[in-house]
Amino acid sequence: MDRGRRVKNTMIRKSFLGLALLVFGGVARADWALNMPRGVTELSAETYDLHMLIFWVCVGIGVVVFGVMIYSLIMHRQSKGAKPANFSHSTTAEVVWTAIPCVILLLMAIPAAETMIKLEDSRDPDMSIVVTGYQWKWHYRYQNEDVGFYSNLAEESVKARRLDSGIDPFSVDNYLLDVDEPMVVPVGAKVRLLITANDVIHSWWVPELAIKKDAIPGIINETWFRAEQVGTYRGKCTELCGKDHGYMPVVVEVVEPDAYQAWLDTRSGAKQRYANNESIAAPEATLAAGE
Amino acid sequence: MASTVADAIKEHDHHGPAKGIKRWLFTTNHKDIGTLYLIFSLVMFFIGGAMALVVRTELMQPGLQFVHPEFFNSMTTMHALIMVFGAVMPAFVGLANWMIPMMIGAPDMALPRMNNWSFWILPVAFGILLSTLFMPGGAPAGGWTMYPPLILQTGDAFPYLIFSVHLMGLSSIMGAINIIVTILNMRAPKMTLLQMPIFVWMWLITAYLLIAVMPVLAGAVTMLLTDQFFGTSFFQAAGGGDPVMFQHIFWFFGHPEVYIMILPAFGVISEIIPTFSRKPLFGHDSMVYAGSSIAFLSFIVWAHHMFTVGMPLSGQLFFMFATMLIAVPTGVKVFNWVGTMWKGSMTFETPMLFSLAFVFLFTIGGFSGLMLAITAADIQYHDTYFVVAHFHYVLVPGSIFALMAGAYYWLPKWTGYMYNETAGKWHFWTSTIFVNLTFFPMHFVGLAGMPRRIPDYSTQFADFNMMSSIGAIGFGLSQLIFVYVLLTAKKGEKATDAVWDNPIGLEWTVPSPAPYHTFDTPPGDELIKSHSHSSH
């Protein structure tokens, strides 16, 4: 009996240890790209900092609450001969543990609100792009430029993604995260996105830009970003939009301003170019492209 | 004279259930109906679980190996509908049916025939829902949230989906009315409201939530129906409607709905922890107030499910602040449970183990919930696996563990025999290990950028998805131990009336197994006082 109890005790202790390791192990792993990316805009960094702040607040509260609980589980057990106390309330304790969370929340709410206010301020953009979601691709139209095109899942991924394709996804570069024509924007420019959809609701997300906005038919949503680093940033549609929801990635290429200008020049007369592009020219797509 | 009355009472006691199938079809007995609800929900738990395993099997590796994306989407949609409306909600109604009359010293539910009806609607509703799997166009695949315009692309299954949701709502509303009327009118005359057990309190609050929001859901899906078949444009932009309005209406139902699934769980845990700590519940009254505050707040936070739809800044800030506030009453509950354990004399039978895991793991789900409240961060978390991890933490080691705890806790009272404790502990440990293996890695893949509801994913998420899938299969198999416990439930030693060590609650004053009719005469003042956690 006694031995059984001891085995049981060790078992419980070990399992709590395991749980703690799982939790803190997670934090350690977070450093090798299993956490939210810090991103390449001022606001993505702020978002990341908010995320880490609230995370550590939770860890702190968790350590206290679980600490007390684990202490109690170890010390206040019948097998250790603990005699039950008989108290059933304590006004002081109850006031304290109502008040402290309120204070923590208030302190959290201030930076959270500040970031939100900045996120919503899409005034005075340097350029605007209309993003339209389709089942299952994106369309980008650059306002005040003669540039508009569809962005489809890259051919390599299309081949590999089929049921029993026989192609190992690991052999495909950026599997499901690559497109035929990425959105191209200049570094440092304030880019305003006007996001809508043509059929069902989609959502345009690039984690490193900290932008996620629903593309809704009949509604034009506004958001913005200012990428501070040249590079290729990948994201996905995040609102269930039918069978190929998992296959409409977003790729944004942030380039130097003159490279952007050069890219724009190659794009003039984009309409012809796209009418001739077979992989894109589904009949309704051509129609929509010829706006 | 006196002996005639005694004989009559005795006669009445011996008047047992009808025989055979009729007993179950026509029963108006709260215990029989409770049993029906519980068995039904267990069957649904396994069906919904099988669908989850289809999902996890496909997601075990990147690339499509087993199912087409359409079918995958049907599986996620049906899994959610079945688990929410078919498993968790009916299971708590089952517990309510069995326990509430016994906890408040009432002979039965107030509206026994409606009780029968509200149960028997459910097999019909889910029969219809499951039949859509075999219809042209497949089962609904637009997500359990049924957002238009996507849901309007459902094939022949569409009207059947709407009709089955109507039936589920009807059943829930009738069940809720019954519970409210029972608690308010059938309670032992000497029992004050604050003397009621927390399980009864939480169910009273839940029942009001159900009555408030199930009609809202019914309205929302009816508008979908008329948009599809009768030319209206509630949610169709082309006709002047607004697809976002559906989301507002849906989540006005949907957010109270999540508390409908967790408040009764709080109730169960609040019954079990005092029993195995051998101490009265800490802060009985503040539990009631906290539960009521949560219920109130649940009505003013719905749009935190929609931070990416493009709301005005003021709206986003309001919903962020209101959502953060929920952490306060929820925290009070967790602190009260810890306060109950503090300086107790704890033992760790299966119900207690499930309850302790509930407190730990539900709190982890609460933490990720607090993180999700921060709007800017939520924009990154939204519709990723981080959200999937969050709500599964509050629903599986939350609601489901509370249900398991409750089942083990009251099983001896139902059957009259002690269940197999060794098997129960195996069930607990395997479930706890696998539930964490399944859902903890989802936090990481979500933060790293994996959206939810996708049948295939980029290769950097492969390892954690493999872990999740192994965990899910392990968790599924672990539940078979529970079936074993139920099948051998009457093989153990005879249970005493109290079953546990001096538990508080009127249900422990009646024999084990509880006779077909209990509390034909209401319990007296003394008995009520000595079996209440309240100091009032």
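The values are calculated or read from the model by the stated rules, or taken from the named source; none is laboratory data. As the structure is a computational prediction, the values presented were derived from the model and not from experiment. Heads up, the Cβs are rebuilt from the backbone with ideal geometry, glycines too, and the neighbour counts pull from every protein chain shown.
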**OP:** Name the one entry in B:Phe235, B:Phe250 that is within 14 Å of chain A (Cβ to nearest Cβ), under 16 Å from B:Gly143 (Cα atoms) and in contact with a helix residue (DSSP H, G or I) (Cβ under 9 Å, 6 or more places away or on another chain).
**Re:** B:Phe250
Original post:
When only residues in region B:501-521 that are polar (S, T, N, Q) and closer than 21 Å to B:Pro189 by Cβ count, which is surrounded by the fewest Cβ atoms within 10 Å (Cβ to Cβ)?
Top reply: B:Thr521
Original post:
What number goes with the only condition from (1) closer than 24 Å to B:Val55 by Cβ; (2) away from chain A (no Cβ under 11 Å); (3) touching a Pro at 6+ places or on another chain (Cβ under 8 Å); (4) not charged (D, E, K, R) that B:Leu361 does not pass?
Top reply: (2)
Original post:
For region B:511-536, what are the residues that are within 22 Å of B:Trp201 (Cβ to Cβ) and small (Gly, Ala, Ser)?
Top reply: B:Ala514, B:Gly524, B:Ser530, B:Ser532, B:Ser534, B:Ser535
Subject >> Set B:Phe282, B:Phe296, B:Phe266, B:Phe276: member being aromatic (Phe, Trp, Tyr), buried (at least 24 other Cβ atoms within 10 Å of the Cβ) and more than 10 Å from every other protein chain (Cβ to nearest Cβ) >> reply: B:Phe266
Original post:
Any idea which residue in region A:214-236 is nearest to the chain's Cα centre (by Cα), counting only those that are buried (at least 24 other Cβ atoms within 10 Å of the Cβ) and within 7 Å of chain B (Cβ to nearest Cβ)?
Top reply: A:Lys236
**OP:** Scan region A:33-47 residue by residue and report those that are facing chain B (nearest Cβ under 8 Å) and either hydroxyl-bearing (Ser, Thr, Tyr) or exposed (fewer than 14 other Cβ atoms within 10 Å of the Cβ) (or both).
**Re:** A:Ala33, A:Thr47
**OP:** Could you list, in sequence order, all residues of region A:198-213 that are more than 7 Å from chain B (Cβ to nearest Cβ) and either under 15 Å from B:Gly310 (Cα atoms) or in a strand (DSSP E or B) (or both)?
**Re:** A:His202, A:Trp204, A:Trp205, A:Val206, A:Ile211
**OP:** Taking B:Phe66 as the residue in question, decide whether it is in contact with a Ser or Thr (Cβ under 7 Å, 6 or more places away or on another chain) and surrounded by fewer than 20 Cβ atoms within 10 Å (Cβ to Cβ).
**Re:** yes
**OP:** List the number of the failed condition for B:Phe391; all other conditions in (1) among the aromatic types (Phe, Trp, Tyr); (2) more than 9 Å from chain A (Cβ to nearest Cβ); (3) buried (at least 24 other Cβ atoms within 10 Å of the Cβ) hold.
**Re:** (3)
**OP:** Can you give me the number of residues within region B:15-63 that are among the basic types (Lys, Arg), in a helix (DSSP H, G or I) and either loosely packed, with under 15 Cβ neighbours inside 10 Å or at pLDDT below 95 (or both)?
**Re:** 2
Subject >> Of all residues in region A:150-171 being within 23 Å of the chain's Cα centre (by Cα) and over 19 Å from A:Gln135 (Cβ atoms), the one that is surrounded by the fewest Cβ atoms within 10 Å (Cβ to Cβ) >> reply: A:Phe170
Original post:
Out of all the residues in region A:118-155, which are within 13 Å of chain B (Cβ to nearest Cβ) and of a type in the set (Asp, Glu)?
Top reply: A:Glu120, A:Asp121
Original post:
Does A:Gly67 count as on the phi > 0 side of the Ramachandran plot and either touching a helix residue (DSSP H, G or I) at 6+ places or on another chain (Cβ under 8 Å) or without any contact (Cβ under 8 Å) to a residue 40 or more places away in the chain (or both)?
Top reply: no
Subject >> Per-region count, region B:189-217, residues at pLDDT below 95 and either closer than 23 Å to B:Asn116 by Cβ or among the small types (Gly, Ala, Ser) (or both) >> reply: 0
Original post:
Has region B:308-316 got any residue that is touching a residue at least 60 places away in the same chain (Cβ under 8 Å) and out of contact with any Lys or Arg (no Cβ under 8 Å at 6 or more places or on another chain)?
Top reply: yes
Subject >> Of the criteria (1) at pLDDT 95 or above; (2) facing chain B (nearest Cβ under 9 Å), which one A:Arg77 fails >> reply: (1)
Original post:
Quick check: anything in region A:181-188 within 10 Å of chain B (Cβ to nearest Cβ), surrounded by 19 or more Cβ atoms within 10 Å (Cβ to Cβ) and β-branched (Val, Ile, Thr)?
Top reply: no
Original post:
Does A:Leu22 meet the test of being within 7 Å of chain B (Cβ to nearest Cβ), modelled with pLDDT under 95 and assigned to a helix (DSSP H, G or I)?
Top reply: yes
Original post:
Which one of these does A:Ile195 not meet: (1) touching a strand residue (DSSP E or B) at 6+ places or on another chain (Cβ under 6 Å); (2) part of a helix (DSSP H, G or I)?
Top reply: (2)
Original post:
of a type outside the set (Asp, Glu), touching an Asp or Glu at 6+ places or on another chain (Cβ under 9 Å) and more than 22 Å from A:Ile219 (Cβ to Cβ) - does that describe any residue in region B:199-206?
Top reply: yes
**OP:** Give the residue that is farthest from the chain's Cα centre (by Cα), with candidates limited to residues of region A:237-246 that are part of a loop (DSSP other than H, G, I, E, B) and surrounded by 22 or more Cβ atoms within 10 Å (Cβ to Cβ).
**Re:** A:Cys241
Original post:
Looking only at region B:434-474, which residues are assigned to a helix (DSSP H, G or I), at the interface with another protein chain (Cβ under 7 Å from one of its Cβ atoms) and more than 23 Å from the chain's Cα centre (by Cα)?
Top reply: B:Phe444, B:Leu447, B:Thr459
**OP:** Would you mind stating whether B:Pro215 is outside any helix (DSSP H, G or I) and touching a residue at least 12 places away in the same chain (Cβ under 8 Å)?
**Re:** no
**OP:** Kindly check whether there is at least one residue in region B:63-79 that is within 14 Å of chain A (Cβ to nearest Cβ), among the small types (Gly, Ala, Ser) and either over 16 Å from B:Ile262 (Cα atoms) or over 23 Å from the mean Cα position of the chain (by Cα) (or both).
**Re:** yes
